Amino acid sequence: MKTYRGDRTIDGIVVLVNEEELEPRIDAKCYSSDGFEWGYEGPAPSQLAFAILLDHFDDVEKAASAQEKFMKRAVANFHNEWEMNSDDVDHILAD
């Protein structure tokens, strides 16, 4: 099971998957080339949602098709610090 975690630090935004930096994956699909963001609906939160889903599913099409739902249900509601695991991702998309 993977753990995803985000934090706003003095040095900027940090997003980790299993304590390793999560890649934005703009090579697969670019919603925003400005990096990750969360707490609202928009391009940078969409990129974060896509990156988490691509890491979770390892399937570009599946990640892209679930991106908007996941961004609106989860990423747009994250606070400054957040954490979720693979089961949380599946649960959010199942509702």
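The table below lists the values:
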read-out: THR9, THR3 arranged by Cβ crowding within 10 Å, fewest neighbours leading; value: THR9, THR3
read-out: The chain, relative contact order in percent, only Cα pairs under 8 angstrom and at least six apart counted; value: 31
read-out: Under 12 Å, Cβ to Cβ, from MET71 - net charge with Lys/Arg +1 and Asp/Glu -1; value: 0
read-out: Cβ-defined net charge surrounding ALA44, 11 Å radius [Lys, Arg +1; Asp, Glu -1]; value: -3
read-out: Whole-Hz couplings from phi, Karplus 6.51/-1.76/1.60, listed for the range 62-72; x for Gly and Pro; value: 5, 5, 5, 6, 9, 4, 5, 4, 5, 4, 5
read-out: For q = 0.10, 0.16, 0.20, 0.23 Å⁻¹, Debye-computed log10 I/I(0) when each Cα of the chain counts as one equal scatterer; value: -0.21, -0.55, -0.91, -1.26
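FYI, it's all coordinate maths here, none of it is from the lab. Bear in mind the structure is a predicted one, so any value in this text is a computation, not a measurement. We place every Cβ from the backbone using ideal geometry, glycine too, and count neighbours over all the protein chains shown.
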